[in-house]
1. Check which residues have an amide H placed less than 5 Å from W201's amide H, if you skip close sequence neighbours.
2. Which of W107, W254, W201 comes first, and how do the rest follow, when ranked by fewest Cβ neighbours within 10 Å?
3. Arranged by the count of other C-beta atoms within 10 angstrom, fewest first, what order do R177, R23, R103, R153 take?
4. Each residue of region 98-104 in turn: what ³J(HN,Hα) in whole Hz from Karplus with 6.51, -1.76, 1.60 and θ = phi - 60°, glycine and Pro shown as x?
5. Could you list which residues have their amide H under 5 Å from that of I77, counting only those 5 or more apart in sequence or on another chain, with H placed in the peptide plane?
6. What net charge is computed for the residues neighbouring A62, neighbours being all others with C-beta under 15 Å from the C-beta of A62, Lys and Arg scored +1, Asp and Glu -1?
7. Among S73, S242, S264, S176, which comes first, then next, by fewest other beta-carbon atoms within 10 Å?
8. Kindly point out which whole DSSP H helices in the chain project their C-alpha atoms 20 angstrom or further along the helix axis while averaging a Kyte-Doolittle hydropathy of -1.0 or above.
Amino acid sequence: MAATATAPVPLAALQSFVAVYERIRLQHVDAKTDEELLQLALEGLILKLDPFSSYLDANDMARLQEETRGEYSGIGIELVPDGTYIRVITPIDNGPADRAGIRPGDWITHIQGNSVKGLDVHAIDLLMTGETGTELALTLLRDGEELKVNLIREIITTKSVRSEFMDEYVGYIRISRFQENTSKDLIEQMHHLTSLGADRWLLDLRNNPGGTLEAASQVADAFLTQGNIVTTKARQSHDNISYDAHSTDPSNGWPLVVLINAGSASASEIVAGAIKDHKRGQLVGNTSYGKGSVQSIIALPQGAGVKLTTAYYYTPAGHNIHQTGIAPHVQIDDSNSKDPSDADIQLATALNLLNKPNSENQQ
């Protein structure tokens, strides 16, 4: 039976905690202050909840705010602890990690020569973080092969939307992550592409690790004119949220294809799920990552905070895609491509679909 907010704290469990705490306080070979021990207890409590909940110290909180605004110091990479090592969800477009050839699905085994085995999210962040201009050494595993990469940290300016007018009147839009200004930038670039003569859309969400729930709903809203976009369901009813589309239509109802892959996670899956469930366009690529949970940021004293998983989200058709992902209409696997100069077969397939008669590309 799940614990409830009104249930009393189990006395036996509390007594066991106090007993262990006292033993550590008095007998551990390295003396710790009460403040240090309580901090460790807090971090350990959150660590064991799920892979996406974490304790954030004041520096972590400041960094999170910077990332949401679109600027921070680092190598531009989205990670998640997964078993023994750290798995790369995606490198951010044109960041040091991306330029060094790090790929979604790579495993990080060592940071600065230190094994990551057993490290929590907070400890990993501490190793990855550093001043602009400093070096970061990573050891990776890819298809059983060990790779060593040295990167220089820099200011990562994650302008999340870029666009291109392609042949055959295709308005190509790439969203690398979902930030505060993503929907505003998206609509501006849609208007620009329209002025150039675009009359169909190619939305590229590949290797997009996510971002804010609100930004995701606003992006989906740019292509939808009615119906639900996403619903969150939490234990506390006041945390249940539903986002619906508005009647305004910056996309003009034109044909749409969305590119996704295994690096498309969280907020990008919200957009892809809404487009698929409303039959607004076709999805092309690989099945997405499968992160169907919502994290809330809870502020603590002295600038610290907690990123806590508080809800699951559901697509308009009621699907929770957590740990399963979203399957594309057209499965095109390009994970075996070793050379960045190789032809982008997913992009070519999407363009081919868009250049078919409208009746064929809207399903």
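Readers should treat all values here as calculations from the given coordinates under stated rules, not as data from a laboratory. From a predicted model like this one, the values you see are computed outputs, not experimental measurements. Every residue, glycine as well, gets a Cβ built from its backbone with ideal geometry; the counts of neighbours run over all protein chains shown.
1. G171, L256, V257
2. W107, W254, W201
3. With the fewest neighbours first, R177, R23, R103, R153 line up as R23, R103, R153, R177.
4. Ordered by residue, 3J(HN,Hα) equals 5, 5, 7, x, 5, 10, x Hz.
5. The list, which skips near neighbours in sequence, is I92.
6. Working: positive: R63, R69, K307; negative: D57, D60, E66, E67, E71, D125, E131.
Overall, the nearby charge balance is -4.
7. S242, S73, S176, S264
8. Passing helices, by number: 11-27, 182-196.
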